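The values are calculated or read from the model by the stated rules, or taken from the named source; none is laboratory data. Just so it is clear, the structure is predicted and the values come from calculations on it, not from any experiment. Quick reminder, even Gly has a Cβ in these numbers, built from the backbone with ideal geometry, and neighbours come from all protein chains shown. Please note that ligands, DNA and RNA were not included when accessible areas were found on the heavy atoms of the full protein model with its side chains. Shrake-Rupley method; radii C 1.70, N 1.55, O 1.52, S 1.80 Å.
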Amino acid sequence: MKRIKLLFVLFCTVHALSAQTILPTPEVFIVNKGEYRMPGHVKVSVNDTQSYFLPFMKEVLKAQVGSSMSVSKNPDKGDIVFILDKSKADEAYELTINPKKIEIRASGEGGFFYAVQSINQLLIGNSSGKLPCAVIKDAPRYKLRSFLLDSGRQYQKVSTIKKYLDMMAMLKMNTFHWHLTEGLGWRLEIKKYPELTRKGAFVGTDAEQQGFYTQKDVKEIIRYASARNITVMPEIDMPGHAEAALAAYPQFSCFGQSPGLKKGQAFSENIFCAGKPQTMTFLKDVLNEVCELFPSNYIHVGGDEAPKGNWNRCPDCQALIKRKNLKNSEQLQAYFSADIAGYLKSKGKKAVFWDEVLNEEDYELPDNVVVHWWGYRARKEKPLFTAIKKGYEVICGTNYYTYLNFPLTPWKGYQENRTVDIRQIYEQNPSMNRDSNSLVIGMSCALWTDDNVRESMIDQRLFPRIFALAEQMWYRGQLISFEDYYKKIQQVRPYFEKLGYEYGPGLRSEVPANYSWE
C-alpha cells in the first residue's frame, strides 16, 4: 500500500499531459463539450464493495485531487458509478465522463481496474480535478500480456519484484512470468525437498546470485500481483537448466553426479534423467507444490536448451527409449514433455513449453500444451505455424525483438547481432499483430539476466523500450508513426523517473560515447 501511495503522490508532481498520452493507447477516445469536476468527497457506487480496485481508486483520488471517498451500492447517488456489463469482453471497459458523473462499464474487475488506470492518467498534474467530458472504449488485443523476469540466474529482492508488478499494472500487463529455476539457482522453496533451496539456491558465485523465495514470500507476491489484475505464471525448467537442482539432488541426474556450470556457461548436458522413475516422481512432487501454491491456470515448464549427450550415454534413458519404442533421445524429450503435460492436465493446469517442444513434429502431445514461441532467430516462424496447425495455443515472445536484456550497443556476451533499439521493436517485432488466429492467446516480453544483469541494471534496459511492447500487447488499432509515439513516451518520462524508474537510451543515436550498461 505504501508503494501505491507513493506512486500516486508522485503523479501529482508531473506536468499535465494530454488525453492522448494514456499509455497504452485506448482504442476509442472521443472528447465532447463540457467538463466534469471531481468533488471534494467522491461517492463511488459499485455492486461489490469488496472489489480489489477500490483501494486503488481511493489512492488515486486522494493523491491526485485530495478527495476522500465513500462506497455504496446505490448507483443513483454515485459520482463515479461502476456498472457490471456482461456484454463487454474480458478486461474491456467503457468510460463515460459527463458534467454530472463518471460511468464505467465492464464485465469484471479487470476492466474496472484498467478504467481506473486511465482515469488516473487523465488526472496527472490536474489538482483541480477537472476532466473533459469524453467517452473511452477500450479492450486488449491479447488475452495474455506477459512480462518475464529471470530470477533464476540473478536473485531479486521481493521489493524489487513488487516494483515491476507496479510497472506492469501501469502498462496494463496481466501475467507475470516468473522464471524461478536455472543452472545458477533454484529459487522456489519446495517443502518436500528442502535441499533445493538450502543448497541449490546458493550455487551461483557472482553478485546477487544467491537467495530464494519462501512459500510465504511467494504468497505475498501472488497477493500483491492479484490486487493489480496480474496472474503469476511460474516457470520450473525441465529437463534442462537443471544444474542447481541436481547439485542439491544428484540422484536425479543420469550418472548420480553433482554437476556445475563453468564460468560464463549458460547450460550443459547435466539435465534431469528421463529414464529414472524416481526422477519423474521428484518432478511431479515439485509440481504438486507449485500447483498448490500458484493459482495460475498456466504452469511454464521450460523444455528448451537440453543437450542430449548424457541421455545418449545413460543406460536408464536408453532402456526407456527401447521400452517405449522411441526413435532416439530427442523423441525421449517429447515423451517426457507429454508425461509432464499429462500430469499437469490431471491437476487442471495448462502446460507451457518453449517452442522446442515441437521439434518432434510427429509426436502427439496432450491438448493442454501451450507453445511459447521464442526461437525466431534460429527457427523463424516455423514454430508458430506448426503450433497453430496442430491446434496448440501460442504465446508470442520472440527473441527478435521482445528480449529487453538485449542492450542497444554491444556489452559482454551481447554482440552487435544481439542488440535492439525501440524503433526496431516498434516497427519490426515479429510477435506483434499475430492475434488474427484465435489460438494465439498472448504476447510476452522478457528481461533475462544473462551475464549478471543485476537489479541496478534492469531499469535502463526496460525503459523506454517496454512502452513499445506494452502498446503492441494492448492497443487494437493501427499503430501511429514511430516518431509520434516516441514523443508520447518522452512526455511520461518525468513521471516514471520520479517513481524511481531509470530511463536508458531508447535509440542508438541517443547512446552517449562510452555509455555503461552496468
Keeping to the stretch 406-433, report how many residues are surrounded by 21 or more Cβ atoms within 10 Å (Cβ to Cβ) and either within 18 Å of the chain's Cα centre (by Cα) or polar (S, T, N, Q) (or both). 5
Taking the residues in the stretch 64-97 that are touching a Gly at 6+ places or on another chain (Cβ under 7 Å) and closer than 26 Å to residue 24 by Cβ as candidates, determine which candidate is most open to solvent (accessible area, probe 1.4 Å). 90
Of the residues in the stretch 189-216, how many are of a type outside the set (Phe, Trp, Tyr) and closer than 23 Å to residue 457 by Cα? 10
Can you tell me which of 271, 221 is touching a Phe, Trp or Tyr at 6+ places or on another chain (Cβ under 9 Å) and over 27 Å from residue 339 (Cα atoms)? 221
Using the structure shown, decide if residue 162 is in a helix (DSSP H, G or I), open to solvent by 20 Å² or more (accessible area, probe 1.4 Å) and in contact (Cβ under 8 Å) with a residue 40 or more places away in the chain. yes
Sort out which residues of the stretch 283-324 are within 16 Å of residue 271 (Cβ to Cβ), open to solvent by 30 Å² or more (accessible area, probe 1.4 Å) and assigned to a loop (DSSP other than H, G, I, E, B), and write them in order of number. 305, 307
Exactly one of these conditions fails for residue 303: (1) over 26 Å from the mean Cα position of the chain (by Cα); (2) among the small types (Gly, Ala, Ser); (3) closer than 25 Å to residue 434 by Cα. Give me its number. (1)
Top-ranked residue of the stretch 119-150 - restricted to ones that are part of a strand (DSSP E or B) and small (Gly, Ala, Ser), ranked as nearest to residue 108 (Cα to Cα): 146
Filter the stretch 430-481 down to residues that are farther than 25 Å from residue 93 by Cβ and hydrophobic (A, V, I, L, M, F, W, C), then give me how many there are. 9
Out of the residues in the stretch 485-518 that are under 24 Å from the mean Cα position of the chain (by Cα) and without any contact (Cβ under 8 Å) to a residue 60 or more places away in the chain, which is surrounded by the fewest Cβ atoms within 10 Å (Cβ to Cβ)? 490
Take the residues of the stretch 438-484 that are hydroxyl-bearing (Ser, Thr, Tyr) and buried (at least 19 other Cβ atoms within 10 Å of the Cβ): which is farthest from the chain's Cα centre (by Cα)? 475
Unmet requirement for residue 56, which otherwise passes all of (1) assigned to a helix (DSSP H, G or I); (2) open to solvent by 60 Å² or more (accessible area, probe 1.4 Å): (2)
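Per-residue answers, yes or no, for (1) at pLDDT 95 or above; (2) part of a helix (DSSP H, G or I); (3) not acidic (Asp, Glu):
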position	(1), (2), (3)
449	yes, no, yes
452	yes, no, yes
467	yes, yes, yes
470	yes, yes, yes
483	yes, yes, no
486	yes, yes, yes
491	no, yes, yes
495	no, yes, yes
513	no, no, yes
